[in-house]
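Where a number appears in this text, it was derived from the coordinates with a stated rule and is not lab data. Predicted model, so just to flag it, every value in this text is computed and none were measured. Note that we place each Cβ from the backbone using ideal geometry, even for glycine, and neighbour counts take in every protein chain shown.
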């Protein structure tokens, strides 16, 4: 077969790739490669197909093969950066994007994706520079506008971020991420009237969208003793925070069934004395007349600052577990439970989590006993730090059930912005939350208290990335409180 035949197969593969017929495209590219084994375009597109099939490591092999033939192939460097980012190998991904823009300084998409990786690495200032480069090259680039807005919001420029989200939506009206970011920026400012309706766009995000159920959705109209399915969404912390709305739904005349991860069932049963009906996601919801996602409830109830349901506590720790852990915990003048890292898969985790070492100032307080509440990622950092570790089978029976009992047994919880902060607040325990320069919307701006959690105290960064200052101020506050006692 001739080179013309190889080219025809390559072009056919491209058409099939555009149609998302990946296996057929793969076959075309492989046949084309057999005829012309040193074609960088074919090698790269083989990588693209494997990337679309969620095989980032296989994709990397083909991109590398293409670059061995054509070292300055900017598209191969770009796609290599994408594959490395998908594999969460962010420093290597950044290096690949750097190569892409070196080969083609006018490659707007590479500058944009470079910014995404810099955000994953917690480098918001550098990310903003990269996004601006993309917009200099391609001014009407809605994705880069949205991304620049998020970087500026992380740096504290919320009004500028809102302008960019709005401009992005004007160019691309169905830009879901921009709508969600706009909603969160408005909520961060306390603009509930416009924030809650806009926040409904979150339901179009693939990682948040709930599987459909053939049950009508509640719009806030009178419930008249009907049974309503409240559906948990997003993270465990979100579920814990918005469980506070269960009594309001009941007061509105609804009989509640809660759909949430099985891991949370035991904590919910202990907190609601077994009277709450619980089902797992996807389980039979027979008997439910209506449904609503849990985080749509603030909007349905037209929540404002003065109407945030904020009882001192609305979850409970099991009394038997509390007695058990009180005897097992080390004795100290001041027992403080600590947590430092959240889920690393959370997109902005680099701006909320921190290494345990930066909490060192807390250990300087006389008579303090630090107790690790960290589970999973980050728990291995305790070997060289003066902190008491809990057993490996901690919380084995269900998410947070032992953690709740330990929280009831310590004097204070100090944590990053994770589910631990929400659990402590929901239990009514004293909790100090370490926040980045610009926090998530639920902590608002320029406050050291939380209208969601009466027992919470917020310690914010004064400069992006400066966690040591946060914990130095916490240390001083602990010393002051200890001296008062």
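Using only Cα atoms, find the angle between the long axis of helix 142-154 and the longest principal axis of the chain, and express it within 0 to 90 degrees, rounded to the nearest 10.
The helix 142-154 is inclined about 30 degrees to the chain.
With r as the distance between the Cβ atoms of residue 3 and residue 289 and R0 = 60 Å, compute the FRET efficiency 1/(1 + (r/R0)^6) and round to 0.05. Before the final figure, lay out the partial values.
On the way: r = 67 Å, r/R0 = 1.11.
With R0 = 60 Å, the Cβ-Cβ based efficiency is 0.35.
For a protection proxy built on the mean count of beta-carbon atoms within 10 angstrom, sort 59-66, 219-226 highest first, please. Intermediate values should be presented prior to the final figure.
Numbers: 59-66: 22.0, 219-226: 11.4.
By packing density, highest mean first, the sequence is 59-66, 219-226.
Using the 10 angstrom Cβ neighbour count as an exposure proxy, how do 240, 368, 215 rank, fewest first? Kindly include the intermediate steps, with their values, before the conclusion.
On the way: 240 28, 368 20, 215 16.
Ascending Cβ contact count within 10 Å gives the list 215, 368, 240.
Could you tell me the calculated FRET efficiency between residue 121 and residue 225, based on Cβ-Cβ distance and R0 = 41 angstrom, to the nearest 0.05? Don't skip to the answer; put the middle values down first.
Numbers: r = 53 Å, r/R0 = 1.28.
Using R0 = 41 Å, I get an efficiency of 0.20.
Quick one: length gained pulling residue 106 to residue 38 fully straight, 0.36 nm per residue minus the C-alpha distance?
Computed gain between residue 106 and residue 38 is 21.8 nm.
Can you tell me how the chain classifies by the Cα gyration tensor, rounded, prolate or oblate, using a/c under 1.5 as the rounded cut? Each step should come with its number before you reach the end.
Working: a/c = 1.92, a/b = 1.56, b/c = 1.23.
Here the chain falls in the prolate category.
Per residue of the chain, what 222 nm ellipticity follows from adding -39500 (n - 2.57) for every DSSP H run with n ≥ 4, rounded to the nearest 500? List each step's numbers first, then the result.
Working: 21 runs with 230 residues, N = 485.
Rounded to the nearest 500, the figure is -14500 deg cm²/dmol.
Describe numerically, in nm with one decimal, the distance between label points set 7 Å from Cα along Cα→Cβ at residue 72 and at residue 449.
Label at residue 72, label at residue 449, 6.4 nm between them.
Classify the range 3-204 as rounded, prolate or oblate from the Cα gyration tensor: take a ≥ b ≥ c as the square roots of its eigenvalues, call it rounded if a/c is under 1.5, otherwise prolate when a/b beats b/c and oblate if not.
prolate
For residue 302 and residue 24, calculate 0.36 nm times their separation in residues minus their Cα-Cα distance, and state this gained length in nm to one decimal. If you can, show how the numbers build up before the last one.
On the way: separation 278, 0.36 × 278 = 100.08 nm, distance 5.14 nm.
That pair, residue 302 and residue 24, stretches by 94.9 nm at full extension.
Using label points projected 7 Å from each Cα along Cα→Cβ, tell me how many nm separate residue 477 and residue 14, to one decimal.
6.0
Does anyone have the angle between helix 108-120 and the longest principal axis of the chain? Alpha-carbon axes, 0 to 90°, nearest 10?
On a 0 to 90 degree scale, this one is about 30.
Highest mean first, how do 115-123, 103-111 rank when packing is the count of other Cβ atoms within 10 Å averaged over residues? Intermediate values should be presented prior to the final figure.
On the way: 115-123: 22.1, 103-111: 19.4.
Averaged packing, sorted descending, gives the order 115-123, 103-111.
Order 87-97, 283-293 from most to least packed using the mean count of other Cβ atoms within 10 Å. All intermediate terms of the calculation are to be shown ahead of the outcome.
On the way: 87-97: 18.6, 283-293: 15.6.
Descending packing order for the listed peptides: 87-97, 283-293.
Would you mind calculating the relative contact order of the range 375-485 from Cα pairs under 8 angstrom and at least 6 residues apart, reporting the percent as a whole number? Could the numbers behind the result be given before it?
Working: 113 pairs, mean separation 17.9, N = 111.
Reported as a whole number, the value is 16 percent.
Among 207, 50, 265, rank each residue by its count of other Cβ atoms within 10 Å, from fewest to most, as a rough exposure measure. Walk me through the intermediate numbers first.
On the way: 207 9, 50 21, 265 18.
With the sparsest Cβ surroundings first, the list reads 207, 265, 50.
Order these by the 10 Å Cβ neighbour count, fewest first: 229, 36.
36, 229
Apply 1/(1 + (r/R0)^6) to the Cβ-Cβ distance of residue 276 and residue 58, taking R0 = 35 Å, and write down the FRET efficiency to the nearest 0.05.
Details: r = 46 Å, r/R0 = 1.33.
In this case the efficiency is close to 0.15.
Cα axis of helix 467-484 to longest principal axis of the chain: angle in degrees, 0 to 90, nearest 10?
Value to nearest ten degrees: 0.
Can you classify the range 18-91 as rounded, prolate or oblate using the Cα gyration tensor, where a ≥ b ≥ c are the square roots of its eigenvalues, rounded means a/c under 1.5, and otherwise it's prolate if a/b beats b/c and oblate if not?
Details: a/c = 2.25, a/b = 1.21, b/c = 1.86.
Note, shape of the range 18-91 comes out oblate.
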